[in-house]
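Report on the following structure.
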Amino acid sequence: MVKRKFALRVLVFSFLLGFLWHWTAIQHSLKVIVGNCLGHTKQDMVPDKEKVLEPPLKASQLQIQIDGVFTKIQSLIPNVTFSYFNKTTSAQNSKVFLSNPRERYCVGEDFVIQVDMYDYLNNRKTYGGDFIRPRLFSLTPRASVSGKVEDFNNGSYHIHFPLYWAGQIKVSILLWHPSEGITALWRSRHSSLGVLGFQGRYVYLGQQAISPCGFQMNSARELCEYKDNLYEEVFYCQKPPNLACDCLRDMRAVNLGASYLKPEEKPMFERPRVGIEIAKNLKPIIVTNCDEIPLPPKPKCQPGMNSTLPSGYFFNNIWNPAYCTMTTYKTAEDFVKCLQGKKLFLIGDSTLRQFIMHFTEGIHIVKYFRHHETGWHSWEKTLEAINMEKDIYVSYKRHGFPLESFVFYYFMEDMYTSRQIDRQGGGKDTIFVITMGQHFRQFPLKLFIRRALNIRRAVERLFLRSPETKVIIKTENTRERNAPLERIGDFHGYTQYLVLKEVFQGVNVGFVDAWDMTVASATESVHPPGYTFEGIMSLTFSFACS
């Protein structure tokens, strides 16, 4: 009996000891959770979010790669001294002529146009670097192709066009910006850490505060650091009083109205001087089928193929890649056949939101899950759509900070694209379509390069665990010429396009050259319409379902 009582006492004592230990742990956890959001006790907060850490003395391997890509792109940018406006390149005074005029031109040949640049005083330019947008087009058939610019760095250019179809062909060569303007835009982009600012909204139990945020904060106030050590990504916010860094919930963009152009440079970017036709007096060219020699068949479009320049052409408003045979996707049945039994992850900006809107609101092959709006309402939201019968799952998520949204959006679900990829297992029935660019144009190029390299690394990790996963990289496309040119103009998009071509060389991804496609079709819309959008979609899912 004594032994039983002793054993019972030991059991009760052990239970009480364990309960007290667990209760202490629970109290500590609650204290951390509540304390983190109340900001009462500094020792309960995550210390590395309360101060700016000193940068490492030795550059990381990632930083070395970033610097290498940046140097390569920078070597393509002219470094021209601006003297005064009349010494800049004039589209009206510049001359375009056939490099090797002939009586007839044949399908399959390389057609060359020469451009000689002059300034507003009608003096011949002696250096290159002008930003030119060239294309050939026919009204019948409805066909178009971009051209490849060869810069001799002496004021002369050769524009190379492959002749893909027979008929009457017109030449369009637009001087988008003079070389002096390109030098100014490049300097402006790298004169600060961005021309767009941000505000973070901190919220806890009825309390809220709004604080400035950015990739670097020049402030004497205490800062919150939001750092992802794996991807070496970081941004900061000013810490609001009485609220901890963990209380950050919403984010919005703020147009700083900043300009780093000199007053005398700004006339180069006035609307009537952007995208001016040089070849307006050039007569149409007649192209014929001289030799009926059949071209060798092209392989089916599949990931891992190298994109050429030009990467293809439109014929009868259908995109024809130069290096592979594309499947045309138009009808609901076409897309269902491709996507049945698959998971599709769209990660990027609103040009990929266009995809899920087409599937739900256009051809109705899936239905939104817990989303009852249409069109571009709440465009920054995560979207999911499903087709239970055909076992199709589609999701759209933004690429993560930075995002140009001038209304507050729920920020806490933001993840960098690389982390979103790392969280998925992949597999033969999984498709990733990834894009970025438009929201990065207003920040120094190294930020974009870092993000692109991190995505490449995440894709390589994905292929190690799931080599059958399909990954498609869509470049950004051209946009409206009336967009604020210093902040989000197409020259900034072009340099980012070059970055993506460089970073994803040799990776087994499908590469959708939306930049080339929108130049060829002369589309000037951030959300390409009509047959241009159909071409982008068809090439994307030719890679995805090859």
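Details
- Scan segment 230-249 for residues that are of a type outside the set (Asp, Glu), within 22 Å of the chain's Cα centre (by Cα) and outside any strand (DSSP E or B) and the total you get is 2.
- Segment 193-217: number of residues that are within 19 Å of LYS446 (Cβ to Cβ) and over 23 Å from the mean Cα position of the chain (by Cα): 1
- Test result for PHE448, open to solvent by 10 Å² or more (accessible area, probe 1.4 Å), touching a residue at least 40 places away in the same chain (Cβ under 8 Å), of a type in the set (Phe, Trp, Tyr) and assigned to a helix (DSSP H, G or I): no
- Scanning segment 129-170 for residues that are closer than 21 Å to TYR323 by Cα, part of a loop (DSSP other than H, G, I, E, B) and open to solvent by 40 Å² or more (accessible area, probe 1.4 Å) yields ARG142, TYR164.
- Any pair with Cβ under 6 angstrom, 6 or more apart, that starts in segment 53-73 at a residue that is polar (S, T, N, Q) and ends at one that is modelled with pLDDT of 95 or more and part of a helix (DSSP H, G or I): GLN65/LEU453
- Filter result for SER219 (free of Cβ contacts under 8 Å to residues at least 40 places away in the same chain and among the polar types (S, T, N, Q)): yes
- Residues (without any contact (Cβ under 8 Å) to a residue 40 or more places away in the chain and aromatic (Phe, Trp, Tyr)) located in segment 350-359: PHE359
- Considering segment 466-546, the qualifying helices (runs of 4 or more DSSP H), each wholly inside and each with 1 or more residues that are among the basic types (Lys, Arg) and at negative phi, run over 485-488, 490-503.
- Selection over segment 220-237 of residues that are surrounded by fewer than 19 Cβ atoms within 10 Å (Cβ to Cβ) and under 20 Å from VAL195 (Cα atoms) gives a count of 1.
A quick yes/no check of all residues on (1) closer than 30 Å to ASP414 by Cα; (2) in a strand (DSSP E or B); (3) out of contact with any Phe, Trp or Tyr (no Cβ under 6 Å at 6 or more places or on another chain); (4) open to solvent by 40 Å² or more (accessible area, probe 1.4 Å):
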{"site": "MET251", "(1), (2), (3), (4)": "yes, yes, no, no"}
{"site": "GLY257", "(1), (2), (3), (4)": "yes, no, yes, yes"}
{"site": "GLU264", "(1), (2), (3), (4)": "no, no, yes, yes"}
{"site": "MET268", "(1), (2), (3), (4)": "no, no, yes, no"}
{"site": "ALA279", "(1), (2), (3), (4)": "no, no, yes, no"}
{"site": "LEU282", "(1), (2), (3), (4)": "no, no, yes, yes"}
{"site": "GLU292", "(1), (2), (3), (4)": "no, no, yes, yes"}
{"site": "PRO296", "(1), (2), (3), (4)": "no, no, yes, yes"}
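- Of the residues ARG481, ARG461, the single one that is in contact with a Gly (Cβ under 9 Å, 6 or more places away or on another chain) and surrounded by fewer than 22 Cβ atoms within 10 Å (Cβ to Cβ) is ARG481.
- Checking each residue in segment 484-496 for being open to solvent by 10 Å² or more (accessible area, probe 1.4 Å) and of a type in the set (Ser, Thr, Tyr) picks out only TYR494.
- Residues that are modelled with pLDDT of 95 or more and among the aromatic types (Phe, Trp, Tyr) within segment 85-98 comprise just one, PHE85.
- Pair list, Cβ < 7 Å and 6+ apart or interchain, from segment 321-349 residues that are at positive phi and open to solvent by less than 40 Å² (accessible area, probe 1.4 Å) to residues that are β-branched (Val, Ile, Thr) and at pLDDT below 95: none
- Qualifying positions in segment 502-520 - out of contact with any Ser or Thr (no Cβ under 8 Å at 6 or more places or on another chain) and open to solvent by 10 Å² or more (accessible area, probe 1.4 Å): GLU502, PHE504, GLN505, GLY506, VAL507, ASN508
Each row is one residue, and each column tells you yes or no for (1) modelled with pLDDT under 95; (2) under 27 Å from GLN61 (Cβ atoms); (3) crowded, with 21+ Cβ neighbours inside 10 Å; (4) touching a Leu at 6+ places or on another chain (Cβ under 8 Å).
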| residue | (1), (2), (3), (4) |
| --- | --- |
| HIS372 | yes, no, no, no |
| ILE386 | no, no, no, no |
| ASP422 | no, yes, no, yes |
| GLY427 | no, no, no, no |
| VAL433 | no, no, yes, yes |
| HIS439 | no, yes, yes, yes |
| GLN442 | no, no, yes, yes |
| ILE455 | no, yes, yes, no |
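- Residue match in segment 319-332 (condition: farther than 28 Å from VAL112 by Cα, in a helix (DSSP H, G or I) and out of contact with any helix residue (DSSP H, G or I) (no Cβ under 8 Å at 6 or more places or on another chain)): yes
- Residues of segment 78-98 satisfying the condition of being surrounded by 14 or more Cβ atoms within 10 Å (Cβ to Cβ) and farther than 18 Å from ARG133 by Cα: VAL80, PHE82, PHE85, LYS87
The values are calculated or read from the model by the stated rules, or taken from the named source; none is laboratory data. It should be emphasised that the depicted structure is a prediction, and the values quoted were computed from it without experimental measurement. A quick note on method: Cβ atoms are made from the backbone with ideal geometry, for glycine too, and the neighbour counts reach across all protein chains shown. Surface accessibility is based on the protein's heavy atoms, side chains included, excluding ligands, DNA and RNA. Shrake-Rupley method; radii C 1.70, N 1.55, O 1.52, S 1.80 Å.
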